[in-house]
Every structure is written in structure tokens, then in C-alpha cells.
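The values are calculated or read from the model by the stated rules, or taken from the named source; none is laboratory data. Not measured: the values here are computed from a predicted model. Cβ placement follows ideal geometry from the backbone for every residue including glycine, while neighbour counts extend to all protein chains displayed.
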Amino acid sequence: MADLLELADVSAGYGRIEALSGVSLRVPEGGIVALLGANGAGKTTTLNVISGIVAPTRGEVRFRGRSLRGLGSDAIVAAGISQVPEGREIFRDMSVHENLVIGAHGRRDKAGIARDIEVMTGYFPILAKRFRQMAGTMSGGEQQMLLIARALMARPHLLLLDEPSLGLSPLLVQQIFDIIVRLHREEKLTLLIVEQNAAVALAVSDHATILENGEVVAQGPSAALAADDSLRAAYLGA
Amino acid sequence: MSARTLAAVAVLLVGLGVALPALATGYVVYIGNLLLVFVVLSLGLHVVIGEAGQFSLAHAAFYGIGIYTAALGAGVLGLPFWAALLAGGLLAALCGLAIGVLSLRMRDIYLALSTFAFGEAMQWVFLNWTSVTGGPNGLAIPPTSVFGHPILSDKAAFPLVAGVTLVFVALVAGLHASGLGRAFRAVRESEVAAAAVGIDVRRTKLLAFTLSAFLAGAAGGLFTTFSTFIHPDSLGFQTTILVLTMIVVGGVGSVTGALGGAVVFGLVSELLRQVPSYQEMIYGGILILVMMYAPRGVFARLGRR
């Protein structure tokens with residue numbers, strides 16, 4: 001399969017602190033790739049470089065073979081990459097409905113937007129129940145679902161998920177990952193999932209990359225990484 | 001602001017525009033003019049603080065730029081009312097854009113302090129650029145002309161001021177309901193989330209500052225239609241704080257709140273001129289009471305759908 005996204009030797013940092021050094025990774029079209037590592041390993045920075053929030057100091061990000069260099073986050077969303085940011089970055093004082101509408105910010109097809117809102121409430125029935133409620137009043141799991149639905153409202157080809165399991169009960173994590181896998185299958189979404197919960201992420205993904213201190217320390221098929229006891233002990237805390 | 005509230009405001013403004021000059025005394029009409037200028041000023045501050053959540057404390061400076069530009073445009077260049085108003089608004093907008101660049105680099109209290117500093121600097125310019133602004137002697141504002149007819153009184157100016165105010169209220173209400181309004185509020189709530197849904201955060205902030213300053217400048221242009229004199233003393237930080245109080249008391253983030261706050265607090269501030277020694281104390285008291293008992297503002301509820 002062709003690569004939908006490719007990071008070639010990407011370095012990035014904040015001021016003089018280098019958060020990523022020489023990271024290369026590929027996300028094949030239609031695949032699920034997991035990006036694993038401890039706190040501060042550079043996982044979120046990698047996603048922020050892809051979605052244009054942080055500019056790389058070296059290297060290049062290519063989407064469908066074209067460089068994303070110099071594109072702002074609006075152009076990158078328009079190109080088909082949506083990020084589900086970590087830390088419950090919903091619009092708290094807006095209703096669930098408004099959150100979904102604003103997810104389609106770059107789109108002009110009103111009928112299509114209305115239809116997609118229905119599709120989203122199909123995947124996440126709880127959002128239909130909370131439709132007029134302020135998003136900030138929902139539970140953590142519901143907010144995470146809203147975040148994913150909001151990102152999908154932009155009709156992305158590639159969805160970047162930043163720690164979807166963070167702060168959720170094991171049951172909810174399972175529920176959310178079930179929906180993520182369904183979305184992948186039914187909406188033909190390509191996924192890049194950042195996780196600390198390595199077990200769940202390795203179970204759903206085909207390929208995985210492990211980062212430590214901003215560098216790639218292991219890369220390969222998820223099944224192989226999961227089976228490697230020394231890797232698991234050293235980096236995955238299992 | 002709901003469509004129904006907007007319609008009510010339109011009926012009220014048109015009705016007052018026709019009836020007030022015929023029925024009321026000159027002083028009452030003057031107060032009416034002044035309140036409408038405050039409405040436009042509040043709408044402007046509402047755009048940058050209430051919608052986009054960016055702290056701007058230079059509003060009086062943009063207002064002053066609008067007043068001097070419109071007054072000098074009419075006096076020196078002989079511009080008609082519309083052109084003078086637009087010139088005031090546009091020059092203020094340009095300065096607003098420049099100040100907006102600050103918001104790309106800093107936020108919250110730092111942004112508040114920097115914009116405050118700009119406001120103070122501009123008041124100093126108004127006070128010391130004597131050849132243009134008349135400095136501490138103030139500046140006599142020449143009568144505005146509409147279609148060649150000079151406007152010589154508050155009563156003659158009122159329908160014009162009411163009409164222009166109505167246009168701005170409708171524009172800001174429309175902005176609130178539009179995709180751009182949603183983008184403003186998204187930036188206010190979370191820049192990270194706004195960027196994640198594909199909003200150009202930088203452009204959105206710059207636009208908020210520019211629009212806000214345009215409205216303040218246009219309010220200055222409106223002021224020149226009925227006022228005959230401007231002094232830099234009334235273009236300082238107190239004016240910014242007065243307008244800020246209006247939108248906070250009315251309800252931050254609500255167009256109806258900005259409108260209601262401007263009218264009620266404008267009236268209060270005019271009444272308190274009778275008792276200048278208690279003025280500040282009463283302002284403070286009202287602010288504290290509102291923060292305690294109606295932190296979302298007195299009028300915000302009315303405007304909710």
C-alpha cells in the first residue's frame with residue numbers, strides 16, 4: 001500500500017530544547033499506526049508537527065507525497081488531516097451541536113454537514129442525548145467521544161488521535177477503541193494513534209513506532225513489538 | 001442576540017430616531033446621542049473581548065483616533081459625514097491591526113498591559129501633537145455635513161446617529177451568528193482546539209482586533225456629528241474602563257449584554273456627574289454587586305436563544 005503520510009528525518013523543538021530528533025515514520029493508506037512512548041518522549045510534538053502547530057526545524061512531512069512545509073493548521077485540515085488533541089480540548093461553553101458544527105469549520109456544504117452530524121450521532125449515540133447540553137458539563141468519556149466526532153466532521157482521510165484513553169476507565173477505553181476500529185473499517189479512515197496505554201494500542205494497530213527522548217528506538221509490525229519481551233520491559237512498562 | 005431582539009432594537013431605534021428630536025429637550029437628545037456612541041463603543045469591545053477573548057485595553061485610543069480623523073477630515077479636507085466616519089473607522093482599524101500583532105505573541109495579563117500602554121501612549125500623542133490635535137487646548141469639531149446640509153444640533157444629528165448605530169448592531173449580531181463569530185469564540189475557549197478544527201488562529205485574532213478598533217473609530221466618527229469639542233482628557237483609561245464595565249455588567253460574550261450594558265451604564269455614568277465625588281465609589285459598588293450576583297451579566301439571559 002502507498003504511504004498516506006511520511007515523516008522523513010524530522011526534528012523539532014521549543015526554543016533551544018529539541019523535542020524530536022531525526023524521526024522517520026510512515027503511515028500506509030488505510031492502516032492503523034501506533035506511536036508509543038513514555039511522557040516527554042515526543043509523541044504529542046510529532047502530532048503537532050504533522051498538524052502544523054509546531055514547525056519542524058529539519059526534515060519533512062509528506063502527505064500523499066506532497067510536502068506540508070509552510071502550511072498552516074487550516075490548510076492541513078483542509079488537505080485531510082484532523083487531530084484529536086489530548087487533554088479534553090473541547091469547546092466547553094458551546095453545546096455539543098455547536099462543537100460538531102465548528103468541526104466542519106472549513107466546509108461549505110450545509111447539507112453534507114447536517115448529514116455528517118447524523119452519522120456522528122449514529123456512532124456516538126450519547127452525543128444525540130446531550131445535543132443541546134454545554135460540552136463542558138459532560139463526563140470525561142463523553143467529552144472524548146465528542147472530540148473524535150468533532151475531528152471527523154472535517155471529513156479527514158487521516159485521523160491523529162492523541163491519548164484517547166487518558167483518564168478513562170478500562171471499560172470506556174475499550175468502548176472508545178471499539179468505535180475507533182469501526183470508524184477505521186467503515187469510513188476507510190487511516191489512523192495514527194499516540195498512546196501510553198501500549199497494550200490497547202498494539203492490539204488495534206498494524207504497525208507501531210516507539211519513541212524515547214525524541215528518537216525512534218523501535219519500529220515494526222505491532223504483533224512483533226508486542227511479542228518482544230525486552231522492548232516491553234524497557235519502554236512499554238509491561 | 002436573537003432575531004426577535006434585533007427586530008425590537010430596530011423598531012426602538014427607528015421610533016426614537018423619529019420621535020425623540022421632536023418631543024425631547026436638547027439635553028435629553030444629547031444624552032441619547034452619547035448613549036448610542038457608547039453602544040457602538042461597547043459593540044467594538046465586545047468583539048475583541050466578548051467574542052474573541054483577547055484583552056484589549058486601548059479602546060479609548062481607537063475611539064480618539066476616530067474622533068480626530070473624522071473631525072480633521074471634515075474640517076481640513078471637507079469630507080462629508082460618511083467619508084469622515086469611514087476614514088476614522090479605517091485609520092483606527094489599521095492601528096488595531098498593528099496592536100493585534102501583539103496578541104500573536106502574548107496573552108492574558110501581558111496582552112492587557114501592552115494594550116494599556118498603547119492606550120496611554122496614544123493619549124500622550126493626543127495631548128502633545130499640538131499642531132494636529134490642538135493638544136491640551138482641545139479641538140473644535142466643525143459641523144458635519146450630510147448631502148451638503150450641515151448638521152448643527154443634537155436634534156438634527158440624532159436620526160443619523162440612531163441609523164448608523166442600528167447598522168452596527170445588526171452587523172455585530174450577524175457576526176455573532178456567523179461562522180466567523182463561531183471561530184472567534186473557538187479561539188476564546190481554546191486556541192489548541194481551534195487550530196485542531198482548522199481555524200487560522202492568527203488571522204482570527206488579527207481580525208478581531210481590527211474589527212473592534214474599526215467600531216471604536218466609527219463611534220468616534222459618530223461623536224463628531226453632534227459634539228463640537230474634544231479634549232484628550234476624555235480619551236484616557238477611564239473611558240476604556242467605563243466601556244469595559246458596560247460589557248461586563250451587561251454580560252461578557254453577549255451582544256444584547258453589550259447593548260444593554262452601554263445604555264444602562266451610560267445613563268448611570270451621566271447621572272453620577274451630579275455627584276462627582278461619589279462617582280467612582282458607586283461604579284465600584286455596582287461592579288462588585290454584579291460580579292457577586294450576576295457574574296454572567298445582567299442582560300445576557302435576555303439574549304439567549
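Here is how the numbers come out for the structure above:
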read-out: Residue selected from region A:53-63 under the condition of a type in the set (A, V, I, L, M) and not in a strand (DSSP E or B), by the criterion nearest to the other protein chains (Cβ to nearest Cβ); value: A:Ile53
read-out: Condition check for B:Leu180: surrounded by fewer than 21 Cβ atoms within 10 Å (Cβ to Cβ) and in a helix (DSSP H, G or I); value: yes
read-out: Members of region A:64-94 that are crowded, with 16+ Cβ neighbours inside 10 Å, more than 16 Å from the chain's Cα centre (by Cα) and more than 10 Å from chain B (Cβ to nearest Cβ); value: A:Leu68, A:Leu71
read-out: Residue in region B:176-217 that is nearest to B:His46 (Cα to Cα), counting only those that are of a type in the set (S, T, N, Q) and within 11 Å of chain A (Cβ to nearest Cβ); value: B:Thr204
read-out: Unique match (being touching a helix residue (DSSP H, G or I) at 6+ places or on another chain (Cβ under 8 Å) and free of Cβ contacts under 8 Å to residues at least 40 places away in the same chain) among B:Ala213, B:Ala173, B:Ala218, B:Ala183; value: B:Ala183
read-out: Scan of region A:125-141 for residues that are touching a residue at least 40 places away in the same chain (Cβ under 8 Å), buried (at least 17 other Cβ atoms within 10 Å of the Cβ) and either in a helix (DSSP H, G or I) or on the phi > 0 side of the Ramachandran plot (or both), ordered by number; value: A:Ala135
read-out: Test: A:Gln196 is surrounded by fewer than 19 Cβ atoms within 10 Å (Cβ to Cβ), farther than 15 Å from A:Val77 by Cβ and not charged (D, E, K, R); value: yes
read-out: Verdict on B:Leu127 being buried (at least 17 other Cβ atoms within 10 Å of the Cβ), in contact (Cβ under 8 Å) with a residue 60 or more places away in the chain, among the aliphatic types (A, V, I, L, M) and farther than 30 Å from B:Thr25 by Cα; value: yes
read-out: Residue in region A:107-124 that is of a type outside the set (Lys, Arg), more than 14 Å from every other protein chain (Cβ to nearest Cβ) and in a loop (DSSP other than H, G, I, E, B) present; value: yes
read-out: Selected residue (only one of A:Ala19, A:Ala38 is in a strand (DSSP E or B), under 22 Å from A:Glu195 (Cβ atoms), touching a residue at least 60 places away in the same chain (Cβ under 8 Å) and of a type outside the set (D, E, K, R)); value: A:Ala19
read-out: Count of region B:6-53 residues which are of a type in the set (Ser, Thr, Tyr) and surrounded by fewer than 18 Cβ atoms within 10 Å (Cβ to Cβ); value: 2
read-out: Boolean, B:Glu280 is out of contact with any Pro (no Cβ under 9 Å at 6 or more places or on another chain), in a helix (DSSP H, G or I), among the charged types (D, E, K, R) and touching a residue at least 12 places away in the same chain (Cβ under 8 Å); value: no
read-out: Among (1) surrounded by fewer than 19 Cβ atoms within 10 Å (Cβ to Cβ); (2) under 25 Å from B:Ala117 (Cα atoms) - the single one B:Ile288 does not satisfy; value: (2)
read-out: Check on B:Gly266, surrounded by 17 or more Cβ atoms within 10 Å (Cβ to Cβ), among the small types (Gly, Ala, Ser) and more than 19 Å from B:Leu36 (Cβ to Cβ); value: no
read-out: B:Tyr27 vs. criteria within 19 Å of B:Leu211 (Cα to Cα) and part of a helix (DSSP H, G or I); value: no
read-out: Tally of residues being modelled with pLDDT under 85 and within 22 Å of A:Gly22 (Cβ to Cβ) across region A:203-235; value: 3
read-out: Tally, over region B:137-159, of residues that are part of a helix (DSSP H, G or I) and either of a type in the set (S, T, N, Q) or touching a helix residue (DSSP H, G or I) at 6+ places or on another chain (Cβ under 6 Å) (or both); value: 6
read-out: Lone qualifier among A:Val194, A:Val217 - being touching a Lys or Arg at 6+ places or on another chain (Cβ under 9 Å), closer than 25 Å to A:Leu5 by Cα and outside any helix (DSSP H, G or I); value: A:Val194
